[in-house]
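Inspection log for the structure reproduced underneath, given as structure tokens.
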Amino acid sequence: MIDSERVEGASKASGNLLLEIRNLSVDYYAASGTVHALDDVSITLERGQILGLAGESGSGKSTLAYAITRLLRPPAEILGGEVLYYPRKESEGDVRIERLSHVAKKKRGSGRLELNGHTPEPVDILSFTPAELRAFRWSELSIVFQSAMNALNPVLNIGAQINDVLRTHQPKMGGDARKRRIGELLRLVGIAPDRVRSYPHELSGGMRQRAIIAIALALSPELIIMDEPTTALDVVVQREILTEIMGLRERLNFSVIFITHDLSLLLEIADKIAIMYAGRIVETATSGEMHRQPRHPYSYGLLNSFPTIYGPRHRMTGIPGSPPDLRAVPPGCAFHTRCPCAFDTCSTITRPCRERGALNEYRTRNSRFSRHARGGRWPGAYDGANPGSGAFAQIFSGAGRQAVWR
């Protein structure tokens, strides 16, 4: 058993596991061919953790978010897999997911919740009925969409839109209590309560994004999915929104799946980072590990695609080529057609690399790698070893390495 498996097992045993995605696959059907948007994706999220998803456009990040929340519509289809949610036990015999109490009598096989002693079984979100899904959304899981202007209803003020969530999901809450809660939520995200009757077009981009976050927090969910929440905002407002998100996470202790193109941003805010490419997760690591020692060449390319603000100047080199057509993903590692260090095994192995140390060993053994790396070049950091043969290929395929690919 490799380290990542031991960590996941320990998380389950300690009750820290919140979400577990197992072998999730999603296709989009089109006249020109079937688009394989997600291919056998597996990942876990712990309570209070920020999981960052990074990758190029079309890599499957938003599709994964919409599959978790069951927001996909035809021509999309979930072909297989599980999305297991682990409800929190608040006290003896009591579970935070009590809002789903009407489904707490059946077993996990139907996707519903069962109390096993004092520990609740996980529930499969993909097996929820429409009624169960309605009870689950916003109460336990909410989402912040990419474009706040498009996500907000232009003909309703923001107070009415927050009130709609409270009235629908907590019908026993009185009108006065809802008004107080709306004021609390607006203050929580940094909006003055007197803006409660403002319409979306009367708010700035940053305030609209804050309003969306207030709606997502309305029922105090355990997990919030943020799909590029800072898109189209200037850098100053981006920083304010991110500071607000981090502060709220510290105070309210919810988990976050944060989707972005900006890997440098995730290195600052995320606890764990997953790199997606062509519908697959090619690497997972903590933010510190990702910064110090990326293991997949695609991750290394992303890390070296943004300039440093200090130190010697060097010429930036982008990742060559373009992502593959998802209607015909190449066999093996989908990145091997663009990878300067690809070798024969890459066209057959599809598992993400997780073992620590292979890239570091390559740096140590090959002086040309070190010289190119100091020059800040990519893919030159790898091409010194004659890609497809030599030290790098030997390290990843040699008998001395254990479970480099998983």
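The numbers here are math on the coordinates, done by the rules we state, and not lab data. The structure displayed is predicted, hence computed values, not measured ones. FYI the Cβ positions are ideal-geometry reconstructions off the backbone, even for glycines, and counts take in every protein chain you see.
In percent, rounded to a whole number, the relative contact order of the range 155-219 is 46, using alpha-carbon pairs under 8 Å and six or more apart.
Going through the range 267-319, which trypsin sites (Lys or Arg not before Pro) have at most 12 other Cβ atoms within 10 Å and a DSSP loop state?
Numbers: sites: LYS272, ARG280, ARG292, ARG295, ARG313, ARG315; in loops: ARG295, ARG313, ARG315.
Filter output for the range 267-319: ARG313, ARG315.
For the pair THR308 and ARG251, a Förster radius of 30 Å applied to the C-beta separation gives a FRET efficiency near 0.35, rounded to the nearest 0.05.
Mean separation of Cα pairs under 8 Å and 6 or more residues apart, divided by the residue count, gives the range 270-357 a relative contact order of 30 percent. For the range 163-302, a crude dipole built from +1 on the beta carbon of Lys and Arg and -1 on the beta carbon of Asp and Glu, taken about the Cα centre, is about 540 debye to the nearest 20. Approximating the spin labels as points 7 Å out from Cα along Cα→Cβ, the ARG22-to-ARG195 distance works out to 4.4 nm. With a simple spin-label model that places each label point 7 Å from the Cα along the Cα-to-Cβ direction, the separation between SER127 and TYR29 comes to 2.5 nm.
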